[in-house]
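What follows is a set of notes on a single structure, which appears directly below.
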Amino acid sequence: MPPPAKNFLTSEQVTQLQQALKESELAHVRERILIILLQNDGRTQQEISRFLGCSPRTVAYWCMHGDPDNLESLHNKREDKHNRKATPEYIELLLKTVDQEPSDFGYEFGRWTAERLATYLTEQTGIDLSSSQVRRILKRKKYSYIWAKYDLESKQDPLIRAEFQEKLAQYLRIAREEPERLQVWFWDESGFSLRVIRRKNWGKRGRRKNLTGQRRRGRVNVMGGIREGDRKRVCFFIKKGEGNIFYEQLQQLNKLIREEWISQGNSTEGFQESGPKIILILDNASFHKRQDILAKIAQELPNFVLEFLPAYSPDYNIIELVWYSCKEYIAHRLFQSVDELKSILDKLLNQGELVIKWNRQIKNKGNSSYVAI
């Protein structure tokens, strides 16, 4: 290594650096000035590092990049007014903003991310922080990026729900005591996508926000039911949910129940008269209530009784928990094609590979205490 340079500074540069050393209130700036002055005094980088107690890399950097004619070069860039630390006013505005919806500020998007918050607050305050800095501030203030949940209570009619709950409880009591006389099936439709959009947003710990999300690309649609007595699942893959397909799947369900009944030693002819009544619990989708479909069911499937859920009451339909558990299983898995996704869904839904925790307390997911036992 060549000997260190010595006396490379002019007397004016030395005087300017010594004056700055006395006046600067920033420790890191004073350290960088000393590195240049000691280098000018003929000290090696190793000697400077030991003398100042800083790393050799720091000494090497400022010996090379320190400009004695431009003292501003010795300052950190983030000390600039457009890139400084968050002020109390900045943090107050951040917390106020994150508790409001983006639409309140005229934005079209539905949720705040750290990047969007940083951009918005830069526009409002002139303080340019990175998304990582914004994220750290929120975490220090006990905010988490958590799942959004739907709140349906404001849309529900408690009287109608209470009446339905009483009726359903009677059905379940009979089905559990006399399964050969009556079966309760919960019916619904759902979709599974190759591209899973996780509904997350920033929110105070312990609180969840309402968000909407669409998942359409590479989609597999499923229609099916689950029998409450033994949790038997029957699911069909369909192109889309509509009245004629709904009726066709009910015919398939009726066929499976009839075959099960015959396998118990009963005659084919006696199924309609002596077979079990099928109580089908389902939501209020428009194609479920098509008059022509209801007429065909009444005429050709007399064993079926359709009981429609109260509005906004998915918690009364335990198949919602089946869909939730299945989507939870596939959420972090990659699929190369729709056929691969469909094959996994068939194993989970129809071949019994899906494990469901029926007593999980997940809002609006079909786990009412009197059903999920």
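The values are calculated or read from the model by the stated rules, or taken from the named source; none is laboratory data. Because the structure is predicted, anything quoted here is derived from the model rather than measured. For neighbour counting, all protein chains shown are included, and Cβ atoms are generated from backbone atoms with ideal geometry for every residue, glycine included. Areas reflect the complete protein model, heavy atoms only, side chains present, ligands, DNA and RNA absent. Shrake-Rupley method; radii C 1.70, N 1.55, O 1.52, S 1.80 Å.
Here is how the numbers come out for the structure above:
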quantity	calculated
So Gly106, is it touching a residue at least 40 places away in the same chain (Cβ under 8 Å) and surrounded by fewer than 13 Cβ atoms within 10 Å (Cβ to Cβ)	no
Some residue of segment 61-71 being assigned to a helix (DSSP H, G or I), modelled with pLDDT of 90 or more and farther than 26 Å from Glu23 by Cα	no
Scope segment 160-183; condition among the charged types (D, E, K, R), part of a helix (DSSP H, G or I) and closer than 14 Å to Arg227 by Cβ; matching residues	Arg176
Matching option when the condition is under 15 Å from Pro68 (Cα atoms), under 52 Å from the mean Cα position of the chain (by Cα) and of a type in the set (Gly, Ala, Ser), among Ser49, Ser24	Ser24
Output for segment 24-43, where each listed residue is without any contact (Cβ under 8 Å) to a residue 40 or more places away in the chain, part of a helix (DSSP H, G or I) and either on the phi > 0 side of the Ramachandran plot or not basic (Lys, Arg) (or both)	Ala27, Glu31, Leu34, Ile35, Ile36, Leu37, Leu38, Gln39, Asn40
Out of Leu21, Leu9, sole residue that is open to solvent by less than 70 Å² (accessible area, probe 1.4 Å) and either part of a loop (DSSP other than H, G, I, E, B) or touching a Cys at 6+ places or on another chain (Cβ under 7 Å) (or both)	Leu9
Members of segment 27-46 that are surrounded by 16 or more Cβ atoms within 10 Å (Cβ to Cβ), under 14 Å from Pro68 (Cβ atoms) and over 53 Å from the mean Cα position of the chain (by Cα)	Leu37, Leu38, Gln39, Asn40
Count of residues meeting criterion [closer than 13 Å to Trp202 by Cβ and open to solvent by less than 60 Å² (accessible area, probe 1.4 Å)] in segment 82-99	4
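Residue by residue, here is whether (1) in a loop (DSSP other than H, G, I, E, B); (2) out of contact with any Pro (no Cβ under 8 Å at 6 or more places or on another chain); (3) surrounded by fewer than 20 Cβ atoms within 10 Å (Cβ to Cβ) holds:
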site	(1), (2), (3)
Gln272	no, no, yes
Ile293	no, yes, yes
Pro310	yes, yes, yes
Asp315	no, yes, no
